[in-house]
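A quick write-up on the structure given underneath.
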Amino acid sequence: MRFLHLRFVLITLLMTGSALGQPDGRKIYVTHCASCHGDKGQGADGEYEEPLWGRKSVESLARYIHRSMPEEKEDTVVDEDAHAVARYIHEEFYSPAAQLRNRPPRVELLRLTNEQFRQSAADLIESFKRPQTFVPERGLRGRYFNVEKMDKEKEHVLERIDPTIDFNWGGGVPADKINQTGFSVRWSGSLLAPETGLYQFRVRTHNSALFLLNSFRGDDDKNSFIDAYVSTRNESHAKSGSKFLLGGRGYPVYLRYFTYKEKVASLHLEWKPPGGIWEAIPNDYLMPEVLDTVTVVGTKFPPDDRSLGYERGSGVSKEWQRASTYAAVELVNHLITYLGTVSGLSKEQRKDPATLRSYAHQFAARAFRRPLDAEQQERFVDSRFNHQPDPMVALRHSMLLVLTSPRFLYPGLADNDGRPDNFTVASRLALTLWDGLPDKKLLHAAGKGSLQSPEQITTQIQRMVLSNKTKRKMQGFFREWLALDEQHDLRKDPDLFPGFDERLVRDLRRSLEHFVDEVVWSDRSDYRDLLLNKNIFLNERLATFYGAEPLQGDALRKVTLPNRPNSGILTHPFLLAAHAYHDNTSPIHRGVFISRNVLGRLLKPPVEAVAFKDDEFDPALTMREKITQLTKATSCMECHRVINPVGFSLENFDAVGRHRLEDNRKPVDTVTRYVNENEREIPIGSIHDVATMAAGSRLAHEAFITHLFHHFTKQSINAYGADTKASLHAKFVKSGYNIRSLLVELTKLAVGHNAEANPLAAK
């Protein structure tokens, strides 16, 4: 028995390595590493202050420690000691699994983001009016009149849809029926704002014009936005103005034009959208149907917090509290001023205290996304009306109390414990897909108890996914994912790249947006098409610059460029130009962008960045040779063995995204070897190999899923369960990598979270 016991002890010791004196990873870490990295890898003040975590394998960590750590004493922790330290830190705090174990994420109570506040406010007012419905036809409806005497119009002689308002008639007339002595035009329709932000507008004319945007009455000169009605002796003059608009919505437009006995006739309606340039408002953003006005909160908010590059309402500051209060006051003042228009109440009804009290009840219920209980009715409405003799003042106080209430600002406060009730489901659906309030269909379904089964909820999601509000939010996701809103300097050396001007850059961005929309909203909606599709959208300017078959006009058309190895977004000229220098390519910038955003690789900022200075290299070298020299140091190559191969695969595209075969009179070399997340070397011959690798990479898929989840839910995907990412990935693969199906699935998860019995868990 003693012999057997001793034998058992010896075997145990051998298994643990203690008997053989194998190194203790924890002790080595405490002795050599903790002073710089902290006892739990949290970092140390004045030393290495960033937390120690990442996705490297134990073997990769061991090799790195063997080569490079500790700094200036690289031969101290090597071989088995390096492996022991690597195993210890990987298991204790470095790996994603350890991070989740040590700091388990949770679904957070979030406030409305700035976008959600504005969209919710607009939804709240719209709920008392007809909902916006977009028609496929584009342009503005124009009614043309002959003028016999100064400003004397009769019946219109012509009615047509004009694609854009970009006319220079000179001494002529718009059509045969038009009187050359004088004519006037009245255009009506709607402006479609593609994204939220500050828009600038301009009217240029030799004559007289009046522009009204988002006005309640199109025939009321007092509501004019841009007044250019006073002609200046038939000389060209321009008037401009700016408006903050919400993306994904349409705004009523009225435009009047007049000329009488003038030699030159012209009219140009132009805009400068956020991040854009001055241009005639394109046909894509004009609609002949006149929509109702949109209530837009103009109060400036401080920036939202960001995580993974995406906005979320996790932080509350005095500045945000002050801004949200000012915004509530602004909204209430607007509502009271235009109560008849926005409420639908007649003049007599607006004088009736009972009617105003009833309206206040409805207003509060819609703002809170659910019917009021007795306590809420008393607190937010009845107490105001019971103690205030003036019903309009009571209404003002009630609405202000509602809009500053945490129940409006923090939608999660109304969530019930356990399984979400119907109104919680409706609220979560609207916030996830629209950043706003539930519409009447959602509220009706919730009131009937028809948001309980997986089938009922899925039906609503599928309806909502196809709305313009969801399309706006999806476009916002791609702007973030592709870093389109970053302040890229796309200016290039005009001597090296003549013709690459701001109009061409504008066209390129629009081309990229068209390509993404084409993929996402096609029947396939296949994520892989983002990377492997060989089509590109070009117009006349782009076709000429990039050597395609000639095209005519500004309209973008889908073409395939011969003799160019196109690979979806990875080779789109806008992104290639955005991640390049003003006079040359940049394999590092391109490699970092694709590695992080597309391939899902974790790249930490370098401890000491080394700037690229072209004049310090032999002028006979290619860009690839220069970058190889710049990053050859061991400390650099830990990241650049991932970055460089991706960047080198794009070296047959110059700084403006044109295909090339030579660099500095030498053949371009795109052949290299890429080290993947499993430390395997993969041969790469071209960017198509990178695209194919990304299209089939689980890491890339999960990175895309994570970013999409975060953008739509504003929550960490890990907070919904350790297997959430894997579950979504399995469904993503099963759907044929369908992006819209993925959105449906993640929305179902967002709807059912924090539930004791999630009705969607089985589906």
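The values are calculated or read from the model by the stated rules, or taken from the named source; none is laboratory data. Being a predicted model, the structure only gives us computed values, none of them experimental. Cβ placement follows ideal geometry from the backbone for every residue including glycine, while neighbour counts extend to all protein chains displayed.
Listed here are the residues, each with its yes/no results for (1) among the aliphatic types (A, V, I, L, M); (2) touching a residue at least 24 places away in the same chain (Cβ under 8 Å); (3) loosely packed, with under 14 Cβ neighbours inside 10 Å.
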residue: Leu109; (1), (2), (3): yes, yes, yes
residue: Asp123; (1), (2), (3): no, yes, no
residue: Thr133; (1), (2), (3): no, yes, yes
residue: Asn146; (1), (2), (3): no, yes, no
residue: Ile161; (1), (2), (3): yes, yes, no
residue: Val173; (1), (2), (3): yes, yes, no
residue: Gln180; (1), (2), (3): no, no, yes
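Do we have any residue at all in the range 405-416 that's at pLDDT 95 or above, part of a helix (DSSP H, G or I) and either within 19 Å of Gly248 (Cβ to Cβ) or among the β-branched types (Val, Ile, Thr) (or both)?
Scanning the range 405-416 turns up no residue that is at pLDDT 95 or above, part of a helix (DSSP H, G or I) and either within 19 Å of Gly248 (Cβ to Cβ) or among the β-branched types (Val, Ile, Thr) (or both).
List the helices (runs of 4 or more DSSP H) inside the range 344-388, counting only whole elements, that have at least 3 residues being touching a residue at least 12 places away in the same chain (Cβ under 8 Å) and surrounded by 18 or more Cβ atoms within 10 Å (Cβ to Cβ).
Of the helices (runs of 4 or more DSSP H) lying wholly inside the range 344-388, those with at least 3 residues that are touching a residue at least 12 places away in the same chain (Cβ under 8 Å) and surrounded by 18 or more Cβ atoms within 10 Å (Cβ to Cβ) span 353-367.
Return the residues of the range 679-705 that are buried (at least 19 other Cβ atoms within 10 Å of the Cβ) and of a type in the set (Val, Ile, Thr); say none if nothing qualifies.
Ile684, Ile687, Val690, Ile705
With (1) polar (S, T, N, Q); (2) under 18 Å from Trp187 (Cα atoms); (3) modelled with pLDDT of 95 or more as the list, and Ser120 as the residue in question, which single condition is left unmet?
(2)
Could you list, in sequence order, the residues of the range 292-338 that are within 19 Å of Asn214 (Cα to Cα), free of Cβ contacts under 8 Å to residues at least 24 places away in the same chain and touching a Lys or Arg at 6+ places or on another chain (Cβ under 9 Å)?
The one that is within 19 Å of Asn214 (Cα to Cα), free of Cβ contacts under 8 Å to residues at least 24 places away in the same chain and touching a Lys or Arg at 6+ places or on another chain (Cβ under 9 Å): Asn333.
Report yes if Asp554 is modelled with pLDDT of 95 or more, acidic (Asp, Glu) and buried (at least 16 other Cβ atoms within 10 Å of the Cβ), otherwise no.
no
May I ask you to verify whether Pro587 is in contact with a helix residue (DSSP H, G or I) (Cβ under 6 Å, 6 or more places away or on another chain), assigned by TED's automatic domain parsing to the domain that holds Leu508 and surrounded by 22 or more Cβ atoms within 10 Å (Cβ to Cβ)?
Criteria met by Pro587.
Looking at Ser242 and the list (1) at pLDDT 90 or above; (2) surrounded by 16 or more Cβ atoms within 10 Å (Cβ to Cβ), which single condition is not satisfied?
(2)
If a residue counts only when it is over 21 Å from His579 (Cα atoms) and out of contact with any helix residue (DSSP H, G or I) (no Cβ under 8 Å at 6 or more places or on another chain), which helices (runs of 4 or more DSSP H) contained entirely in the range 621-738 have at least 3 such residues?
Of the helices (runs of 4 or more DSSP H) lying wholly inside the range 621-738, those with at least 3 residues that are over 21 Å from His579 (Cα atoms) and out of contact with any helix residue (DSSP H, G or I) (no Cβ under 8 Å at 6 or more places or on another chain) span 724-734.
Of these, Thr544, Thr560, Thr622, which one is among the hydroxyl-bearing types (Ser, Thr, Tyr) and crowded, with 18+ Cβ neighbours inside 10 Å?
Selected residue: Thr622, the only one of Thr544, Thr560, Thr622 that is among the hydroxyl-bearing types (Ser, Thr, Tyr) and crowded, with 18+ Cβ neighbours inside 10 Å.
Restricting to helices (runs of 4 or more DSSP H) lying wholly in the range 1-104: which have 3 or more residues that are surrounded by 13 or more Cβ atoms within 10 Å (Cβ to Cβ) and modelled with pLDDT of 75 or more?
25-32, 34-37, 58-68, 79-89, 96-102
In this structure, is Glu289 acidic (Asp, Glu) and out of contact with any Lys or Arg (no Cβ under 9 Å at 6 or more places or on another chain)?
No.
Being farther than 24 Å from Gly696 by Cβ and in contact with a Pro (Cβ under 6 Å, 6 or more places away or on another chain): is that true of Pro498 here?
Considered against the rule, which asks whether it is farther than 24 Å from Gly696 by Cβ and in contact with a Pro (Cβ under 6 Å, 6 or more places away or on another chain), Pro498 comes out as no.
Looking at this structure, is Arg463 assigned to a loop (DSSP other than H, G, I, E, B), surrounded by fewer than 19 Cβ atoms within 10 Å (Cβ to Cβ) and out of contact with any Lys or Arg (no Cβ under 7 Å at 6 or more places or on another chain)?
So Arg463 does not fit the description; no.
Looking at the structure I just gave you, is Lys129 modelled with pLDDT under 90, over 24 Å from the mean Cα position of the chain (by Cα) and outside the structural domain of Pro282 (by TED's automatic domain parsing)?
yes
Answer yes if at least one residue in the range 577-591 is out of contact with any Cys (no Cβ under 9 Å at 6 or more places or on another chain), aromatic (Phe, Trp, Tyr), within 22 Å of Phe477 (Cβ to Cβ) and touching a residue at least 40 places away in the same chain (Cβ under 8 Å), and no otherwise.
The answer is no, given that none of the residues of the range 577-591 is out of contact with any Cys (no Cβ under 9 Å at 6 or more places or on another chain), aromatic (Phe, Trp, Tyr), within 22 Å of Phe477 (Cβ to Cβ) and touching a residue at least 40 places away in the same chain (Cβ under 8 Å).
Can you tell me which of (1) within 30 Å of Asp615 (Cβ to Cβ); (2) among the aromatic types (Phe, Trp, Tyr); (3) in a helix (DSSP H, G or I) is the one Phe500 doesn't meet?
Status for Phe500: all satisfied but (3).
Select from the range 480-505 the residues that are more than 18 Å from the chain's Cα centre (by Cα), at negative phi and not aliphatic (A, V, I, L, M) and list them in ascending order.
Asp489, Arg491, Lys492, Asp493, Pro494, Asp495, Phe497, Pro498, Phe500, Asp501, Glu502, Arg503
Filtering the range 442-454 down to residues that are part of a helix (DSSP H, G or I) and modelled with pLDDT of 95 or more, which residue is farthest from Glu195 (Cα to Cα)?
Once the filter is applied, the top-ranked residue is Gly447.
In the range 720-758, what count of residues is obtained for those that are in contact with a Gly (Cβ under 9 Å, 6 or more places away or on another chain) and either modelled with pLDDT of 95 or more or among the polar types (S, T, N, Q) (or both)?
Final tally of qualifying residues: 3.
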